[in-house]
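As structure tokens, the structure follows; a few thoughts come after it.
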Ligand code: CP
Ligand code: NVA
């Protein structure tokens, strides 16, 4: 595995290996020990969009492993693919650093970086997918549900980048996922077919959030307005009415259901404050696992 761009491109064995490494490194770091396997290595971090979790957890993960992260604001380099072609950026950066991670609007920006870079490229979110998030989510599910295989996820909301990566992870790792969305915001048919081509019937869609959560181990949601969709905010908020993860919806789920959200959360829209702050919510353990997964990913790809 040279790059980490899309969960669908990885084998189940590679994904399980990354999860095992995440758990081992998590234990090691919790015990106060360190693994300096990336001493002397550098990671360029390119961001076209804002980030709290991804940016800080990657910086900490890289530093934890003895390496140096270099954060690059798009304006510092004249944008991604604007001042110079992406293929030139990829080849120049490959002469300086040991790895590149990028958060971009277009998914083709990260695939083009990977095509031309001779060092590993990591997808830190694109409009199409968010694989690091989904893998941290699976680690969290393993810890809180006690198993991955057979775990049932009800994703309530937008069939977006986060939903897509989780669908690919579900198919690869034996989870069952139902995506409940209003008309026009469903996870696309092609992605569902990609997932179910790996494991039949692992992912399905519905328009009924209550039916979706009825036997779920996990109820998962994400913003209705992803980065770059700010102009559609009013329309989206109206279209998603009835899809808030609130106490009424959670009452339709099993009592021990866990609530997940990739964050940032917009309380009063896709999730109520009451549910976000409830005992069922594991969203901060989930956020923490971004660090543990990415440490493992950096170790595997860069060392
Ligand atoms: N969940 C997530 O990727 O958060 P950031 O946008 O803050 O990185
Ligand atoms: N779907 C959201 C995820 C944020 C982490 C977005 O793309 O903005």
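Values quoted throughout were computed directly from the atomic coordinates according to the rules given, and no laboratory measurement underlies them. All of these numbers come straight from a predicted model, not from anything done at the bench. Cβ coordinates were reconstructed from backbone atoms using ideal geometry, including for glycine residues, and neighbour counts include every protein chain displayed.
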Exercise. Which residue out of 35, 17 is more than 16 Å from ligand 2 (Cβ to nearest atom) and touching a helix residue (DSSP H, G or I) at 6+ places or on another chain (Cβ under 7 Å)?
Worked result: 35
Exercise. Would a scan of segment 76-97 turn up a residue that is in contact (Cβ under 8 Å) with a residue 40 or more places away in the chain, surrounded by fewer than 16 Cβ atoms within 10 Å (Cβ to Cβ) and not in a loop (DSSP other than H, G, I, E, B)?
Worked result: yes
Exercise. Filter segment 197-230 for residues that are within 16 Å of ligand 1 (Cβ to nearest atom) and more than 17 Å from residue 168 (Cα to Cα); which is surrounded by the most Cβ atoms within 10 Å (Cβ to Cβ)?
Worked result: 224
Problem set entry | Answer from 4, 116, 105 - the residue that is in contact with a strand residue (DSSP E or B) (Cβ under 7 Å, 6 or more places away or on another chain) and either within 16 Å of ligand 2 (Cβ to nearest atom) or within 24 Å of residue 129 (Cβ to Cβ) (or both) | 4
Problem set entry | Matching entry among 57, 24 (being assigned to a helix (DSSP H, G or I) and more than 16 Å from ligand 2 (Cβ to nearest atom)) | 24
Exercise. In segment 149-171, which residues are free of Cβ contacts under 8 Å to residues at least 60 places away in the same chain and surrounded by fewer than 24 Cβ atoms within 10 Å (Cβ to Cβ)?
Worked result: 149, 150, 159
